[in-house]
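The values are calculated or read from the model by the stated rules, or taken from the named source; none is laboratory data. These figures come from a predicted structure and were not determined experimentally. Backbone-built Cβ (ideal geometry, glycine too); neighbour counts: all protein chains shown. For accessibility, only protein heavy atoms count, side chains too; no ligands or nucleic acids. Shrake-Rupley method; radii C 1.70, N 1.55, O 1.52, S 1.80 Å.
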Amino acid sequence: MNARYLSMPVLMTLAASCLITASRVEAGTYVGTQAELWPNGVVPYEWAPDFIAANQQYVLDAMAVWEGVANIQFVPRNDEDDYVLIQNAGEGAGSNARVGRGEGGARTFNIRESWSGWSPSAILYGLAHEVGHVLGFHHSHQRPDRDLYIDVKYERINDCKYGNFDIDAGSLGWPRDRMDFDSIMSYGQCIFSTCNYDLDDECECDDEECPRWAGRSCAEEFCCSDDPSICAGLDILPPNESWQASMGQRSHLSDIDIQLMSFLYPPADWKFVENDAPSLPGSGSFHRPYKTLPFASFLAPEDTTLWIVPDTYQGSANVYDKPMLWKATHGVVVAE
Ligand SMILES: [Zn+2]
């Protein structure tokens, strides 16, 4: 048996070395526990009283980008304890957001005040990056194993922004064995480069009187983009160097951005199997997947869509007679 997607209601007999394969995907980074996500994909939000009205539609449009690809609903707050507080970032400051529901309470989401000079697409996907944080995505370059894929050159990065480059130890990378250079959650090579604007020379990082650091700005005559080879803070390691200039795009969601968000906030009838998941076996959620195919088949309800993370599943040659749809998340699943 060998299909690009194994998608059949089962009576299925898996003989030795049954292959389930799917098209290639890249990778993302996300919160390490289910509790950091928004329950059932419902995200209450509230505008700060002085929020600039003209910016509201920008934020709503960016929310809709993610609502269109996963089981997510942003709803106006109605007394919920845990919610997103949307406020002005302050004069000259860029947008930023807390990651996920986290420990709960008011999760601040700060929005750039002036968008003059930005294209509609750059506004939409610049804010979609931030909404990705709100929903539980970390930066791609902060996944725990990022040193396998990129060289972070701290000496070229403004030290007020080191926190945006340090590893998020509690995060998880998906898929486990590669990094998504096309993700909307990646940084571009020049962001916060000292070649663009060396804030250190002028003031302390937390000095409110200082010009706020804007990642896109280029205050000096010579900019990182003039010679990234000596300015870029992120250097992609072989064999992925071809992504060096295009990493950090803000024009679309990558394939894996879409897939990963749909796994974090799935339809009710999706379950997951992962042989070597970084968790104890659980209810079949993405964070607590089943560990074996026989268990998944036994425990998941009829008509489940069962997503199988690529691996060789030993002891899985069996007769499976519960009606289900089995799919490889990517790559090749071997059941034997
Ligand atoms: Zn970010």
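Values as computed for the structure displayed
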| read-out | value |
| --- | --- |
| From the options Gly163, Gly105, Gly136, Gly90, residue that is surrounded by fewer than 18 Cβ atoms within 10 Å (Cβ to Cβ), within 13 Å of the ligand (Cβ to nearest atom) and either over 25 Å from Gln244 (Cβ atoms) or not assigned by TED's automatic domain parsing to the domain that holds Pro44 (or both) | Gly163 |
| Checking Asp81 against (1) out of contact with any strand residue (DSSP E or B) (no Cβ under 6 Å at 6 or more places or on another chain); (2) closer than 20 Å to Ser254 by Cα, the condition it does not meet | (2) |
| Qualifying positions in region 176-191 - farther than 16 Å from Asp226 by Cβ and either open to solvent by 10 Å² or more (accessible area, probe 1.4 Å) or of a type in the set (Lys, Arg) (or both) | Arg176, Asp177, Arg178, Asp182, Tyr187 |
| Residues satisfying the stated conditions in region 308-334, i.e. open to solvent by less than 20 Å² (accessible area, probe 1.4 Å) and either within 10 Å of Lys271 (Cα to Cα) or within 29 Å of the chain's Cα centre (by Cα) (or both) | Ile308, Val309, Tyr313, Met324, Trp326, Ala328, Thr329, His330, Val333 |
| Subset of region 284-306 [open to solvent by 20 Å² or more (accessible area, probe 1.4 Å) and of a type outside the set (Val, Ile, Thr)] | Ser285, Arg288, Lys291, Pro294, Phe295, Phe298, Leu299, Pro301, Glu302, Asp303 |
| Residue within region 169-178 that is among the aliphatic types (A, V, I, L, M), within 16 Å of the ligand (Cβ to nearest atom) and either modelled with pLDDT under 95 or more than 23 Å from Ala93 (Cα to Cα) (or both) present | no |
| Residue tally, condition surrounded by 13 or more Cβ atoms within 10 Å (Cβ to Cβ) and free of Cβ contacts under 8 Å to residues at least 24 places away in the same chain, over region 41-55 | 0 |
| Strands (runs of 3 or more DSSP E) contained entirely in region 1-117, each with at least 2 residues that are at pLDDT below 95 | 18-22, 28-30 |
| Test: Ala122 is more than 11 Å from the ligand (Cβ to nearest atom) and closer than 21 Å to Phe74 by Cα | no |
| Pair list, Cβ < 7 Å and 6+ apart or interchain, from region 241-270 residues that are in contact (Cβ under 8 Å) with a residue 60 or more places away in the chain and under 24 Å from Glu302 (Cα atoms) to residues that are open to solvent by 20 Å² or more (accessible area, probe 1.4 Å) and polar (S, T, N, Q) | Tyr265/Asn71; Pro266/Asn71; Pro267/Asn71 |
| Residue within region 242-258 that is touching a strand residue (DSSP E or B) at 6+ places or on another chain (Cβ under 8 Å), at pLDDT 95 or above and open to solvent by 50 Å² or more (accessible area, probe 1.4 Å) present | yes |
| Total residues in region 108-133, condition among the polar types (S, T, N, Q) and buried (at least 23 other Cβ atoms within 10 Å of the Cβ) | 0 |
